[in-house]
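Visitor: The structure follows.
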Amino acid sequence: MIRVLSALAALAFVAACDDVVVATAPTGTGPAPVVRDVPDELRTNQQSIRAFASAVQRVEPVAERECRSRTRGVDCDFKILVDDRPGAPSNAFQTLDDNGRPLIVFTQALINDARNEDELAFVLAHEAAHHVRGHIARQRENAAAGAVIFGGLATLTGADPEAAQRIGAQVGARTYSKDFELEADQLGTILTARAGYDPIKGSQFFNRIPDPGDRFLGTHPPNAQRLETVRRTAAGL
């Protein structure tokens, strides 16, 4: 089921995905992305909305089946939300509600930016894969470990332990975030294919976003590495 949010509350420990800004030139510090000429099959808002609804209808049950087969004691009842606030950036992310139910949120801008249904399906499968692989819980564990380590170092050196714990939590949360993204790309490729979509076609979305490069403590791996993960996984299906 798709729910529309007019005002999206702040959600803690969002699984790994920062804002996705669609562009044909870099807007940040990374090198320019390689842009492929992907025909825009969704030329109107209505076409985009229908394609998104179709992708949800096909991908969600596949993701829930995969979640139940791979996990134990995990809520696999995905709830799909659309943030339609004017000015909200092109983005999608996965988080949990207060009861532990997995939420996947798309902004209307991202839905409009997608050029075909395969891209929408791939992004949806990627976000679902974050939950199946338990990335929020693992991110919390990394953050807690980082806070303990930095807090201990601060005590030994006489620095402010609270400030050190905050920094440590941030560093810990980012330590394996690139690995989490690649894991979600790999499983997302499988989910996309099992839902009847082309993951190679869907992953071309990466070619229209700024390449983060291989930054230290960056949250996302280079786009080329992500595309290669999708290609290699799809070849093995």
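The values are calculated or read from the model by the stated rules, or taken from the named source; none is laboratory data. No experiment lies behind these values; they were computed from the predicted model shown. We place every Cβ from the backbone using ideal geometry, glycine too, and count neighbours over all the protein chains shown. We work out accessible area using only protein heavy atoms, side chains counted, and drop any ligands, DNA or RNA first. Shrake-Rupley method; radii C 1.70, N 1.55, O 1.52, S 1.80 Å.
Visitor: Go through Glu60, Glu127 and list them by solvent-accessible area, largest first, probe radius 1.4 Å.
Guide: Descending order: Glu60, Glu127.
Visitor: Turning to a different aspect of this structure: Starting from region 40-70, pick out the GluC sites (Glu not before Pro) whose DSSP state is loop and whose Cβ has at most 16 other Cβ atoms within 10 Å.
Guide: Glu41
Visitor: How high is the FRET efficiency from Gln47 to Ala224, r the C-beta distance, R0 30 Å, rounded to 0.05?
Guide: It comes to 0.50.
Visitor: Please compute the length gained on full extension between Asn99 and Arg68, using 0.36 nm multiplied by the number of residues separating them and subtracting their Cα-Cα distance.
Guide: Length difference between fully extended and current span is 9.4 nm.
Visitor: Can you give the three extents of the C-alpha atoms in region 53-125 along their principal axes, from longest to shortest, in whole Å?
Guide: 38, 27, 14
Visitor: Starting from the residue with the highest accessible area, list Asp98, Asp75 in decreasing order, probe 1.4 Å.
Guide: Per-residue accessible area, sorted high to low, gives Asp98, Asp75.
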